[in-house]
Amino acid sequence: MAFVLLTVLAVGFSALAVRSILGEPGDQASPGGTSGSPTPSATPPSIVSPSPSPSGSPRLFGAFRFLKRVGQGPVRWDPCESITYAINTGGVAGVVADLRRALREVTRVTGVRFQPAGVSHETFLRAYRRMRYGGVNRKAELVVIWVDHEAYQEILRQLNDPRPSIAFAKTMAGLYGNRDQYFGGIIVVDEDATAERGFAYRYAHGPVLLHELGHIMGLDHVRDPNQLMYSGRHPNVGIRDYGTGDLEGLRRLGVDAGCLS
């Protein structure tokens, strides 16, 4: 995609709490909504509200909200091109199967395909700076990184975000003519906090990945606890897959919305 070579980028972090972007001299990035997978007691951000359905009935599809809009439409990936991804497991075992299952679910809902680009050895900061200043340049557009709890907390300190979370996602969009398109993303997972593998409940490893992939695709948090993109004090811990609102939001970010290129 032509816009992946842009060196001036719009950047947003997504976790279950709003994150600040790295403060750097001459920073021209414009942050979008940010969130990460919360601890169950995480405080809901005040900016989040359910999106109404097109019919005007908020209950028709359930709640969904986009991270960022340009004009009348959401910022999204070009659904007619696959997203390349690389993984940095940090030596953590048993995580790749859950990621692949989560990616298959996103593809099923959106029609957007994910193409493996091998193993990554990038840290969060290295991947962030590469994408922000150099674009993707034929490397992975999405990098998924697992770190231990101490390393995860250090990243949060670098982001100046004291609020509790167990994973976060960051999206990058182009500017000017390409500001309606994402071209890069990073997911960081606290391996110790998501040690239970599989998809048994909301805070197991699999649903946490689904939540963060929802952010990568362009979804923000909502207040409806029956959606996987919920962020708040009273989650439905039995939710382990996308809810009706999540599904409708993802559908509008996928192939049904048409190509961008």
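How far, in nm, would the chain grow between Arg108 and Ala200 when pulled straight, counting 0.36 nm per residue and subtracting the alpha carbon separation?
Roughly 31.1 nm would be gained on extension.
What is the set of long-range amide H partners of Tyr182 at a cut-off below 5 Å, with H atoms built 1.01 Å from backbone N?
Arg76, Trp77, Asp78
Can you give me the pair-distance distribution of the range 125-261, C-alpha pairs, 10 Å bins, whole percents?
It works out to 11, 37, 37, 15, 0, in whole percents.
Could you work out how far apart the two model spin labels at Gln153 and Glu81 are, taking each label as a point 7 Å from the Cα in the direction of the beta carbon, and quote it in nm?
That separation, rounded to one decimal, is 4.1 nm.
What ³J(HN,Hα) values, in whole Hz, does the Karplus curve 6.51 cos²θ - 1.76 cosθ + 1.60 give for the range 66-75 when θ = phi - 60°, with x put for Gly and Pro?
8, 4, 8, 10, 10, x, 8, x, x, 6
Under the Karplus relation 6.51 cos²θ - 1.76 cosθ + 1.60, θ = phi - 60°, what is the ordered set of whole-Hz ³J(HN,Hα) values for the range 182-196, x standing for Gly and Pro?
Running phi through 6.51 cos²θ - 1.76 cosθ + 1.60 with θ = phi - 60° gives 7, 10, x, x, 9, 10, 10, 10, 6, 4, 5, 7, 10, 5, 6 Hz.
Throughout, read-outs are computed from the coordinates displayed, never taken from laboratory work. Please read all numbers here as calculations on a predicted model, not as lab measurements. Methodologically, a virtual Cβ is constructed for each residue, glycine included, from the backbone with ideal geometry; neighbour enumeration extends over all protein chains shown.
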